[in-house]
Amino acid sequence: MTAVSPGVALAQIPNPLLPHNLSPWGMFLNADIVVKAVLIGLAFASLVTWTVWLAKTIELRLASNRARRRIGMLEQGGSLRDAVRECEDDRDAIAQLILSTAREAELSGGIVDDGFKERVALRLERVEAAMTRQISRGVGILATIGATAPFVGLFGTVWGIMNSFIGISESHTTNLAVVAPGIAEALLATALGLVAAIPAVVIYNHLARVIAGYRALLGDASAQLLLLISRGQRTRTVPLPHAAE
């Protein structure tokens, strides 16, 4: 039989200090409980980020399309009464602006003067702010995730490296096999922190621009309503639902 050299024989013996699986899932399973908690939290934050992106993208697209249709209706030059008739059963943002204007016209007895225009402008400003706050709900969490996820990942990194140094101290050896698992877990926490933070920041900035465009649409609708009442058009006092302010 062919003799096997001692070096080859030692190389074939599995080292119990070496991790058997350095895939992301394997590192997660072998990680310390604190590092596992960090990784789970970051994965959940990433899931929240993409959920908010999907929900707000659909909501903003539908709201913007409806707002453009309402503005097109106002630009046709109809009366305030016609505008109220078109949207009295709806609760979208532009409908709230129209109903708020009509409500002020009702309270003012149909008298169109400078004081009436100022009161309408104040109402429109309040409705715009309320509708903007409503459409912006849930977006702030993206800023929180983008700001905190890297530091949470850094905490996992520090904890993993600390465990690696503790392993060196307890084993009384500087063998790389002792510190490799902890360092790998630490780097995984850092990577997952960046995976959660970078999309959150990008999506937050994107949604902030889209919301600013939506608010500009509300401003255009308010301008159209002020132009409509400045032409001296009036509406009869009929029962109208209150706008959300």
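Determine whether ARG85 is open to solvent by 40 Å² or more (accessible area, probe 1.4 Å) and touching a residue at least 24 places away in the same chain (Cβ under 8 Å). No. In region 93-118, the residues that are over 20 Å from ARG215 (Cα atoms) reach residues that are at pLDDT 85 or above and not hydrophobic (A, V, I, L, M, F, W, C) with C-beta atoms within less than 9 angstrom, at least six apart or across chains, in these pairs: ARG103/ARG123; GLU104/ARG119; GLU104/ARG123; LEU107/ARG119; SER108/ARG119.
Reported count of residues in region 149-173, each being surrounded by 14 or more Cβ atoms within 10 Å (Cβ to Cβ) and in contact (Cβ under 8 Å) with a residue 40 or more places away in the chain, is 9. The residues in region 119-133 that are open to solvent by 20 Å² or more (accessible area, probe 1.4 Å) and out of contact with any helix residue (DSSP H, G or I) (no Cβ under 7 Å at 6 or more places or on another chain) can be counted, and the count is 5. Select, from ALA45, ALA93, ALA67, ALA31, the only residue that is at pLDDT below 85 and crowded, with 16+ Cβ neighbours inside 10 Å. Exactly one of ALA45, ALA93, ALA67, ALA31 is at pLDDT below 85 and crowded, with 16+ Cβ neighbours inside 10 Å, namely ALA31.
Looking across ILE183, ILE166, ILE161, ILE198, one residue alone is of a type in the set (Val, Ile, Thr) and modelled with pLDDT of 90 or more. It is ILE198. Among the residues of region 51-63, are any assigned to a helix (DSSP H, G or I), without any contact (Cβ under 8 Å) to a residue 12 or more places away in the chain, over 30 Å from ALA216 (Cβ atoms) and of a type in the set (Lys, Arg)? No, there is no match, as no residue in region 51-63 is assigned to a helix (DSSP H, G or I), without any contact (Cβ under 8 Å) to a residue 12 or more places away in the chain, over 30 Å from ALA216 (Cβ atoms) and of a type in the set (Lys, Arg). If you go through region 96-117 and keep only what is surrounded by fewer than 16 Cβ atoms within 10 Å (Cβ to Cβ) and modelled with pLDDT of 85 or more, you end up with nothing.
Residues that are under 24 Å from ALA149 (Cα atoms) and small (Gly, Ala, Ser) were ranked within region 199-215; the one that is surrounded by the fewest Cβ atoms within 10 Å (Cβ to Cβ) is ALA208. Taking the criterion of being touching a residue at least 60 places away in the same chain (Cβ under 8 Å) and charged (D, E, K, R), the residues of region 126-148 that qualify are ARG126, GLU128.
Filtered by the rule that a residue be part of a loop (DSSP other than H, G, I, E, B), of a type in the set (A, V, I, L, M, F, W, C) and under 30 Å from the mean Cα position of the chain (by Cα), region 91-145 gives a lone residue, VAL139.
The values are calculated or read from the model by the stated rules, or taken from the named source; none is laboratory data. Given the structure is predicted, the values throughout are model-derived calculations rather than measurements. Quick reminder, even Gly has a Cβ in these numbers, built from the backbone with ideal geometry, and neighbours come from all protein chains shown. Heads up: the accessible areas ignore ligands, DNA and RNA and are worked out on the full protein's heavy atoms, side chains in. Shrake-Rupley method; radii C 1.70, N 1.55, O 1.52, S 1.80 Å.
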